[in-house]
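Just below is one structure, and these are the notes that go with it.
The values are calculated or read from the model by the stated rules, or taken from the named source; none is laboratory data. Everything numeric here is computed off the predicted structure, so don't read it as measured data. For neighbour counting, all protein chains shown are included, and Cβ atoms are generated from backbone atoms with ideal geometry for every residue, glycine included.
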Amino acid sequence: MSAVFDAVIIGAGPAGMAAAITLADHDARVLVLDEQAGPGGQIYRGVEEMSLTMPELFAALGPDYAHGDELAARFRNCGAEYRARAMVWQVIPGEEAHEVWVSQGGRSSRVLARSVLVATGAMERPVPVPGWTLPGAMTAGAIQVLLKSAGVVAEDLVIAGAGPLVYLLAAQCLAAGARPMAVLDTTPRGNLTAALPLLPGALRGKGPGYLAKGIGLKLALRREGVPVFSFVTDIALKGTSEVTDIAFKSRGRPLWLSAGVVALHEGVIPAQQMTRALGCAHEWDDVQRCFRPRTDGFGNSSVEGVLVAGDGGGIGGARAAEHEGRIAAAEMLRRAGKLDDAARDRLAAPERRGLAQHLAIRPFLDRLYAPPAWVRAPADEVMICRCEEVTAGAIRAAASAGAQGPNQAKSFLRTGMGACQGRMCGPVVSEIMAAAHGISVEQAGYYRIRPPLKPITVGELAEAELD
Amino acid sequence: MFRRLEDPRAEIEFDFEGRPVTAREGESVAAALLAAGLRGFRATAISGASRAPWCMMGVCFDCLMEIDGVASRQACMVTVTRGMHVRRQRGAKALDGAAAPFDDEEGDFA
């Protein structure tokens, strides 16, 4: 039996890297497992390689991305054990230690951990509109991944959606010399008025910096003459075997653009697959309209020894994620017996102050970019479960026929039983079931998630090594 | 459609359904094929509809391909390697581990 790690961290994004650095600084035995080829998570995707091989593009992506390179360098040198291309497919909570099952290079093995930090970050909210399953329909994040990890850009791109990422992506494409054809801003008119009273709060802490960045991005688009359509609704992607056009309304006026690639984006939500499978209690955020695992001030979930940091615990952004990672690290050091309560609190105190600075803008942003109603109540003909090809209308019919919640919809229709294991349809199915029964989404609940969290072959399972 | 920026990384070649495709070292199979002009990556098991990568970060499972004889692998999560064999797949994974391939005339590989 191999030794038990003081902490196993799942995910090498900002939260995971920051936590690992703090743990290693205090001589904890720490292991970081991450699915990607290099550290950085999605926000700093490909950052190490790009800074070396494509310095011009690296510079064009700006100082926020460059920060990720510094963080990754500190992480590489911190003394934490790091395994890249390592996919965690099950975590089993235990009394003495938690079991973490990980697949690497086609072989699975088990590691043991006193504490597990889930730092698996966010995913983009599904944007179910007509035609969103056609080749050429992608997320804004997908376009960013292509740019950051492969230096590949879209030539005939329309960006449609709401949230900071819409304008960031447009500006990054411009900086890379790939001019988007248009930006379709879906922020509803009502969001502006609802967010305005929260603006004073957004002027505290690091808020002004975020606001200035956002305004700068919008001005850059105007300067470059990229057409921006406001108050966009009724998006439909057109094409028979791939996207060729996008139809929409702007300020109620019907419009039509040719586009081979459409990036859709309606904000990001915590990736709940792992915390759900672990049995962590989740709560519903009615403004951001997403579930998030319930945590205390140190990142502890409802499952003993399982902590959550970063956007996986609620959306706060990359810099907030670092502070949360270090706060969780302080708690894991206490759990490992390396710090007493007072020392943990001393270590966490400056991180809490830093976190508050970065979160000051969130109530304003959350309200301004609260997803429009059509995202959570798509028309009957729109595909919701992409894997099993189940429409919103079929889910509503199942609700009428007696399906009480997402898990019964699954039994009726196979929604959530396809390859993505409900990642793509889950958030929408919960909304549809809640609306159909006139209950809250929290009451409607969410899919039960079961291992393996990602597919592994039966052969790999049979040959799994215990320790 | 996608295009590549100026890129000093080493070029490598892999096999896509019998045709050579050039990729850059370190990128994913999905990125390499999108850059090469591929639109449809697979046909679904239910309706046979054409699909391609949606998220590029391992969430959506719409980029499933047969890679080196193993079906239903996430092309966005697999780093492309020299000489790798990649095929589109129709529907679910076949029992022998290899997916049913597309006919040549159905290919929309530009």
Any residue at all in segment A:104-111 that is assigned by TED's automatic domain parsing to the domain that holds residue A:315 and aliphatic (A, V, I, L, M)?
yes
For segment A:327-439, give me every one of the helices (runs of 4 or more DSSP H) that falls completely inside it and has 3 or more residues that are within 14 Å of chain B (Cβ to nearest Cβ).
A:426-437
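Conditions tested, residue by residue: (1) at pLDDT below 95; (2) aliphatic (A, V, I, L, M).
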position	(1), (2)
A:220	yes, yes
A:228	no, yes
A:233	no, no
A:237	no, yes
A:245	no, no
A:251	no, no
A:265	no, no
A:288	yes, no
A:292	no, no
Determine if segment A:140-154 includes at least one residue that is within 13 Å of chain B (Cβ to nearest Cβ) and closer than 23 Å to residue A:255 by Cα.
yes
In the list A:46, A:13, which residue meets the criterion of being within 19 Å of the chain's Cα centre (by Cα) and at pLDDT below 95?
A:46
Number of the exception - residue A:334 against (1) more than 28 Å from residue A:88 (Cα to Cα); (2) at pLDDT 95 or above
(1)
Just wondering, is there one or more residues in segment A:182-199 that are within 14 Å of another protein chain (Cβ to nearest Cβ) and either free of Cβ contacts under 8 Å to residues at least 60 places away in the same chain or surrounded by 24 or more Cβ atoms within 10 Å (Cβ to Cβ) (or both)?
no
Return only the number of the condition from (1) crowded, with 16+ Cβ neighbours inside 10 Å; (2) without any contact (Cβ under 8 Å) to a residue 24 or more places away in the chain that residue A:87 does not satisfy.
(2)
Flag if residue B:46 is surrounded by fewer than 23 Cβ atoms within 10 Å (Cβ to Cβ), at pLDDT 95 or above and either assigned to a strand (DSSP E or B) or at the interface with chain A (Cβ under 9 Å from one of its Cβ atoms) (or both):
no
Could you check segment A:157-181 and list, in sequence order, the residues that are touching a residue at least 40 places away in the same chain (Cβ under 8 Å), part of a helix (DSSP H, G or I) and within 14 Å of chain B (Cβ to nearest Cβ)?
A:165, A:169, A:172, A:174, A:175
Segment A:264-319: number of residues that are surrounded by fewer than 22 Cβ atoms within 10 Å (Cβ to Cβ), among the polar types (S, T, N, Q) and part of a loop (DSSP other than H, G, I, E, B):
1
Every residue from segment A:96-139 that is within 18 Å of the chain's Cα centre (by Cα) and either within 7 Å of chain B (Cβ to nearest Cβ) or under 26 Å from residue A:58 (Cα atoms) (or both)
A:119, A:120, A:121, A:122, A:123, A:124, A:138, A:139
Name the residues in segment A:279-314 that are among the β-branched types (Val, Ile, Thr) and in contact with a strand residue (DSSP E or B) (Cβ under 7 Å, 6 or more places away or on another chain), would you?
A:295, A:306, A:308
Which number in (1) out of contact with any Cys (no Cβ under 7 Å at 6 or more places or on another chain); (2) at pLDDT 95 or above; (3) part of a loop (DSSP other than H, G, I, E, B); (4) at the interface with chain A (Cβ under 7 Å from one of its Cβ atoms) marks the one condition that residue B:58 misses?
(1)
Among the residues of segment B:30-48, is any touching a Ser or Thr at 6+ places or on another chain (Cβ under 7 Å) and among the charged types (D, E, K, R)?
no
